[in-house]
1. Return the residues of region A:100-130 that are under 13 Å from A:Ile71 (Cβ atoms) and of a type outside the set (Gly, Ala, Ser); say none if nothing qualifies.
2. Can you tell me which residues in region A:44-70 are surrounded by fewer than 19 Cβ atoms within 10 Å (Cβ to Cβ), in a loop (DSSP other than H, G, I, E, B) and within 12 Å of DNA strand C (Cβ to nearest atom)?
3. Check off (1) within 14 Å of another protein chain (Cβ to nearest Cβ); (2) farther than 27 Å from B:Glu137 by Cα; (3) more than 11 Å from DNA strand C (Cβ to nearest atom) for B:Leu41 and give me the number that stays unchecked.
4. Where in region A:71-173 are the helices (runs of 4 or more DSSP H), entirely inside, with at least 2 residues that are within 17 Å of the chain's Cα centre (by Cα) and more than 26 Å from B:Leu187 (Cβ to Cβ)?
5. Name the residue, out of B:Arg104, B:Arg145, B:Arg120, that is closer than 25 Å to B:Asp83 by Cβ and either at the interface with chain A (Cβ under 8 Å from one of its Cβ atoms) or in contact (Cβ under 8 Å) with a residue 24 or more places away in the chain (or both).
6. Find the residue count for region A:5-29, including only residues that are within 9 Å of DNA strand C (Cβ to nearest atom) and at pLDDT below 95.
2 protein chains.
Amino acid sequence: MHDAPRSNSKRERRQENEKLILAAAEKVFSEAGFGGATMQLIADVAGLPKANLHYYFPTKESLYRQVVQRIFQIWLQAADTFDKAEGPAEGIGAYIDAKMEISRRHPAGSKVWASEVMHRAPVIQDYLETTLMEWTEGRAKIIDRWVAEERMDAIDPNHLLYMLWATTQHYADFGHQIETLNGGSPLTDDQWEAAKTSVKHIILRGIGAIK
Amino acid sequence: MHDAPRSNSKRERRQENEKLILAAAEKVFSEAGFGGATMQLIADVAGLPKANLHYYFPTKESLYRQVVQRIFQIWLQAADTFDKAEGPAEGIGAYIDAKMEISRRHPAGSKVWASEVMHRAPVIQDYLETTLMEWTEGRAKIIDRWVAEERMDAIDPNHLLYMLWATTQHYADFGHQIETLNGGSPLTDDQWEAAKTSVKHIILRGIGAIK
DNA sequence: TGTATTCCTGACCATACGGTCAGGATGTGG
DNA sequence: CCACATCCTGACCGTATGGTCAGGAATACA
């Protein structure tokens with residue numbers, strides 16, 4: 001009788017373990033914060049000895065940094081919907097849908113990001129100043145163009161973007177509060193749909209992109 | 001020559017010191033999170049020996065609990081504006097102004113609250129289930145009434161409230177990100193006014209409370 | 001098959017943390 | 001002025017943390 005077809009080549013094992021550790025770390029960091037998280041607990045969640053984490057990630061901070069970077073990537077990809085769109089109703093509507101979906105599927109990641117920024121971004125300040133800055137300026141130009149074409153009201157693009165981020169990420173970051181106010185149960189599929197609909201209604205109508 | 005008129009009676013000293021410690025704790029907790037904050041650092045910020053903190057507040061958690069409760073009180077008071085109002089434009093507009101002002105004046109408190117909720121409210125879960133729940137239901141009824149009176153669109157009150165909280169608190173919790181995207185400078189008075197105006201425009205127009 | 005390389009981990013270490021306490025200082029009320 | 005209560009704090013303690021390391025196990029490669 002052979003062993004169950006366990007893990008394969010060394011290279012594959014490495015990738016698997018790194019993914020495993022990153023997933024465990026994301027969960028623990030989101031629940032306890034950077035300061036409250038311990039390498040021992042991350043190791044337990046990942047099902048590996050603590051010393052093994054330090055083989056793959058030399059320090060707690062380097063592990064944390066990679067967790068944050070992964071989230072930021074997912075986060076940026078939601079922008080595609082924005083760019084391809086013809087007008088504000090379509091583009092911003094799709095962006096809201098995408099970001100709401102991320103809040104639903106990756107709440108832990110969103111919390112880690114929120115925590116990092118709230119603590120003055122000690123680890124990813126350079127990202128804020130470069131990648132995020134460029135991203136924001138690019139989207140602001142699109143919004144300004146839509147305003148100039150009179151497809152929406154004259155709204156300050158930055159404040160609109162802040163509102164989009166705030167509202168959509170709130171469903172992840174404050175998910176526990178929402179759950180409590182929902183009688184202790186997570187939002188159902190229908191309730192998530194209602195949330196998306198409400199958000200899109202208010203914002204798209206609020207900026208004059210729909211009647 | 002007399003001493004400078006230093007602190008007075010014992011009772012007054014107690015109140016002064018407790019205020020001093022709570023202020024220092026709010027700052028440190030907001031910057032480092034509960035897990036990352038240390039009693040030593042709070043003591044240094046307050047300018048008192050660490051052992052003295054433990055005289056007034058037996059444990060780190062009891063100190064933290066009082067910090068969170070203080071914030072929650074301020075936070076609830078902003079509701080007054082909501083209740084007294086005649087209609088949605090007035091009531092919600094004033095509520096937005098009040099919450100934006102809190103974000104500006106008490107950013108540290110807002111961050112502590114956000115952090116607490118993000119970590120599943122280990123310390124103030126009872127508040128969420130009682131006080132916040134009642135508060136929310138009360139405000140939801142007012143909104144439902146406005147809807148019934150056709151003074152605004154048929155919006156789900158809970159999702160509207162989440163949007164109000166998310167958007168206004170974003171200016172405190174993500175203040176660092178906003179500052180970075182603002183070229184590294186805090187928002188000026190004019191920029192704060194523009195923020196309030198944008199938020200009120202989008203939301204009030206979005207719910208059909210103004211044209 | 002031999003050996004070089006990568007992977008893994010139990011045991012260990014220095015440090016820093018929350019919290020305690022004995023005993024002195026300071027104010028209070030009679 | 002005295003006796004009492006409150007206030008204050010340096011020194012200390014047990015514990016848990018991030019990180020290290022020697023040496024063994026597993027795999028790759030020739």
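The values are calculated or read from the model by the stated rules, or taken from the named source; none is laboratory data. Model, not experiment: these values are computed from the prediction. Cβ: placed from backbone, ideal geometry, glycine included. Neighbour counts: every protein chain shown.
1. Matches in region A:100-130: A:Ile102, A:Arg105, A:His106, A:Pro107, A:Lys111, A:Val112, A:Trp113, A:Glu116, A:Val117, A:Val123, A:Ile124, A:Tyr127.
2. A:Gly47, A:Leu48, A:Pro49, A:Pro58
3. The failed condition is (3).
4. Correct list: A:79-84, A:88-105, A:107-118.
5. Answer to the selection: B:Arg104.
6. So the answer is 6.
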